[in-house]
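The values are calculated or read from the model by the stated rules, or taken from the named source; none is laboratory data. Predicted model only: the values in this text are computed from it and were never measured. Cβ: placed from backbone, ideal geometry, glycine included. Neighbour counts: every protein chain shown. What goes into the accessible areas is simple: the full protein's heavy atoms, side chains included, and nothing from ligands, DNA or RNA. Shrake-Rupley method; radii C 1.70, N 1.55, O 1.52, S 1.80 Å.
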Amino acid sequence: MSDRITPRTLKGFRDYPPEKMIPREQLVEIARRVYRSFGFRPMDTPALEHLEILTGKGSDETDKQLYRFEDHGGRSVGLRFDLTVPLARFVAQHIQDLGTPFKRYQIANVWRGENTQRGRYREFMQCDFDTIGTTSTTADIETVLVINALLEAIGFEQFTIRVNNRQVLTGLLEKLDLVDQSTAVLRALDKLPKIGAEKVAAELTSTAGATPQQADAVLQLSELTGSNAEILAQLEPLVADNETGKRGLDQLTELTEAVAAAQVPAERLKLDLSIARGLDYYTGMVVETFLDELPGIGSVCSGGRYDNLAELYSKQRHPGVGASLGLDRLLAALEELDRLADIQTSAQVFLPLFIAKRRNDYLHLATQLRAAGLDVELYPEAKKLGKQLQYADRRGFQVAVIIGEDEFAANEAQLKNLTTGESQTVALDDEALALIAEIRPLLGS
RNA sequence: GUGGCUGUAGUUCAGCUGGUUAGAAUGUCGGAUUGUGAUUCCGAAGGUCGGGGGUUCGAGUCCCCUCAGCCACCCCA
């Protein structure tokens, strides 16, 4: 019997026991609700795609991380490593039927064979929302509003949405004749908060081939500080003689005004010209979101505008804008801030199986309560009442409905508030209406 | 992918320079208490010391490989 297989999971892949899954499902539920409230519609794509769909982009980095293999029919296939590439394929294939603007959300797992760290796994969930087929700045603005609504709905009040516009940087690079090196410049700039201006300047000269003067010129953008209005004012002379840069400035101005008009507290939106985002397909607005209480955890919601989503798969141009909620980071943050309620049950109402012979009566009552919209768990064994209540207590049930022979005889139920320990006696009519009415107020919060 | 740290009951950890049947706390289960849940008391189960190989009279302890976790680089959610 020693040749039994050791139970284990692959590196970077995780099991989700109920105590992890319950807050996870709650977050996903919140995200869905917020996305829908802005009119985004659900969609999904297969986990597995033809390899050339995924490798099309050709970046070495994604190529290294891609899970790839041959399927049973000898096809080369790969697991999706993000939701953007499958969206591009989907749009190229179906946009005629969908019409534009196409607003979608997609919450699904993706896989990357990279090295693991806390909060970084090989299988993880992305919660993306995008608006495809419009270049309107209104869609950019709405993206910021969705991020704000998302974090509010999760229960955060202190967070900062940092916004930049790629065209500002692109304009500057045009002036400096560095456009060809934009990817290297972006990656260097992205490290600014981590390694500091000096090292970024060094990387700009070594990797991006900039002269020290050019590096300084690029870095001066990120040194602009002050209120949003002050930053915009300082930016104006820097982009004055470049069309691209001016467009970026105009869009940023429009965005700050619109977001304020939409009642987002002013301190939450911060123009930050050092926000770069390493991905080179962004062409307009870029956005990252930080929790003020835990800035070190990184951006919990990031995205931006891209000019041509499906260029690899279609002759048509499909501009779009969107962002992705970092579910795992957010869960890690909530855990660290001790904001995860210790709920280990799906139901709130606990029904002990007190008298074994009365099982069918309990089942009947549970059915009545469920019909009234209450979630009820009936204990499956007629163990001692103390044990059953202990089970309910440990799992975070809010109320227990206790009915023994005395109560059955008197047509009563004992309604116990498991949080306070108090009990009350409630008459048990044929439809349990009085009981239902008494349970409801106990399930607040 | 590169480099560093770590790995002992479900969980958090003890285990001195290698030395007989690997401990504690907590949790789990049972009982004291066959009608009331975080208290108390009693009892039980639970470990091939991550896995494999080697050195040794003897390895949880030393060496090698491997797997997993964490950290940095890289990249990013």
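Net charge around A:PHE40, counting only other residues with Cβ within less than 13 Å of its Cβ (Lys, Arg = +1; Asp, Glu = -1)? Charge balance in the 13 Å sphere: +3. Taking chain A as the reference, fit the longest principal axis to its C-alpha atoms, fit the long axis of helix A:243-261 to the helix C-alpha atoms, and give the angle between the two in degrees, 0 to 90, nearest 10. The answer is roughly 30 degrees.
Scalar couplings 3J(HN,Hα) for segment A:282-294, obtained by applying the Karplus form with A = 6.51, B = -1.76, C = 1.60 to θ = phi - 60°, are 6, 10, x, 4, 10, 9, 9, 10, 10, 7, 4, 6, 9 Hz; x denotes Gly and Pro. Between A:ASP216 and A:GLU422, the contour length at 0.36 nm per residue exceeds the Cα-Cα span by 67.3 nm. Which FRET efficiency value, to the nearest 0.05, do you get for A:ASP71 and A:GLU381 by plugging their Cβ-Cβ distance into 1/(1 + (r/R0)^6) with R0 = 60 Å? That pair, A:ASP71 with A:GLU381, gives E of 0.80.
Accessible surface for A:MET21 stands near 70 Å², nearest 10, in the context of the full protein assembly shown (1.4 Å probe). Amide H to amide H distances under 5 Å link A:CYS127 with A:LEU325, A:LEU327, where only residues 5 or more positions off or on other chains count and H is placed in the peptide plane. Step through the table entries A:LYS64/A:LYS270; A:LYS20/A:LYS383; A:LYS103/A:LYS194; A:LYS194/A:LYS270; A:LYS103/A:LYS315; A:LYS270/A:LYS315, compare each Cα-Cα distance with 26 Å, and write down the pairs that go over it. Violating the 26 Å Cα-Cα cut-off are A:LYS64/A:LYS270; A:LYS20/A:LYS383; A:LYS103/A:LYS194; A:LYS270/A:LYS315.
Taking 18 Å as the straight-line reach from the Cα of A:LYS384, the lysines in range (excluding those fewer than 8 positions away in the same chain) are A:LYS357, A:LYS416. Computed with a 1.4 Å probe on the full set of protein chains, the accessible area for A:SER423 sits at about 60 Å². Farthest toward the positive end of the dipole of segment A:226-364, out of A:SER227, A:TYR281, A:LEU252, is the Cα of A:TYR281, where the dipole comes from beta carbon charges about the Cα centre. Helical runs assigned H by DSSP (4 residues or longer) give chain A a calculated mean residue ellipticity at 222 nm of -13000 deg cm²/dmol, each run adding -39500 (n - 2.57) before division by the residue total.
Residues of segment A:402-427 with an amide N closer than 17 Å to a point placed 7 Å from the Cα of A:LYS357 along the Cα-to-Cβ direction: A:403-411. Amide H contacts under 5 Å for A:ASN165: A:VAL286, restricted to partners 5 or more places along the chain or on a different chain, H placed in the peptide plane at 1.01 Å from N.
Compared with the dominant principal axis of the Cα atoms in chain A, helix A:192-206 is inclined by about 30°.
Site pair A:LYS20 and A:THR160 shows an inter-label distance of 3.2 nm when each label is modelled 7 Å from Cα along Cα→Cβ.
For chain A, the per residue solvent-accessible surface stands at 52 Å², with DNA, RNA and ligands left out and a 1.4 Å probe. Cα centroids of segment A:346-419 and segment A:136-171: 47 Å apart. How far is helix A:18-37 tilted off the main Cα axis of chain A, in degrees rounded to 10, range 0 to 90? Relative to chain A, helix A:18-37 is tipped by roughly 60 degrees. Other residues with beta-carbon under 10 Å from the beta-carbon of A:LEU294 carry, at +1 per Lys or Arg and -1 per Asp or Glu, a net charge of -2. Applying 1/(1 + (r/R0)^6) with r as the Cβ-Cβ distance of A:LYS315 and A:SER136 and R0 = 30 angstrom yields a FRET efficiency of 0.85.
Nearest 0.05, what FRET efficiency do A:PHE13 and A:GLU335 give at R0 = 22 Å with Cβ-Cβ as r? The pair A:PHE13/A:GLU335 has a calculated efficiency of 0.65.
Spin-label model, A:GLU223 to A:LYS64: label points 7 Å out along the Cα-to-beta-carbon direction sit 3.3 nm apart.
Counting only aspartates and glutamates at least 8 places from A:LYS175 when in the same chain, those with an alpha carbon closer than 12 Å to its own are A:ASP241, A:GLU243.
Heavy-atom surface analysis with a 1.4 Å probe gives segment A:18-336 a carbon and sulfur content of 48 percent of its accessible area.
Rolling a 1.4 Å probe across all protein chains gives A:ARG329 an accessible area of roughly 90 Å². Using C-alpha pairs under 8 Å with a sequence gap of at least 6, the mean separation divided by the residue count of chain A gives a relative contact order of 14 percent. Within the shell defined by Cβ-Cβ distances under 14 Å, the residues around A:ILE30 carry a net charge of +2, with Lys and Arg each +1 and Asp and Glu each -1.
List the pair-distance distribution P(r) of chain A, using every Cα-Cα distance, as the percent of pairs falling in each 20 Å bin from 0 up to the bin containing the longest distance, rounded to whole percents. Going from the shortest bin to the longest, the percentages are 21, 44, 25, 9, 1.
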